[in-house]
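Structure first, then comments.
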Amino acid sequence: MGRHAFLLCTDGFWEYVYEEEMARELSAAVSPQDWLERMRRCLDGRVGGDHDNNTAAAVWVTIQEL
């Protein structure tokens, strides 16, 4: 039950956004897009805006009991 989050990303993303940051930003996010934007700010603060190979996609799935 509950919400499950899936993140698919390249090494240029996960190398610079640490797992603790991913979890923290997930807890604060209101949507998958918000989660990605929050993590992107972590990445941009660490490597700058011209860093390539940092693609990410996020999906949330909510499972409810029937």
Problem - the chain - percent relative contact order, Cα under 8 Å, separation 6 or more - result: 61
Completion exercise
The Cα radius of gyration of the chain, divided by 2.2 N^0.38 Å with N its residue count, comes to 1.17
Handout entry: With all protein chains modelled, accessible area of Phe6 [1.4 Å, Å²]
Key = 120
Practice task
Calculate, for the chain, the solvent-accessible area per residue in square angstrom, rolling a 1.4 angstrom probe over the heavy atoms of the protein chains.
Solution key: 70
Fill in the blank from the handout: With every protein chain kept in place and a 1.4 Å probe, the residues Asp50, Asp34 fall, from largest accessible area down, as Asp50, Asp34
Exercise for the section: Return the carbon/sulfur percentage of the accessible area of the chain, one whole number, probe 1.4 Å, all protein chains in place. Expected result: 52
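The values are calculated or read from the model by the stated rules, or taken from the named source; none is laboratory data. From a predicted model like this one, the values you see are computed outputs, not experimental measurements. We work out accessible area using only protein heavy atoms, side chains counted, and drop any ligands, DNA or RNA first. Shrake-Rupley method; radii C 1.70, N 1.55, O 1.52, S 1.80 Å.
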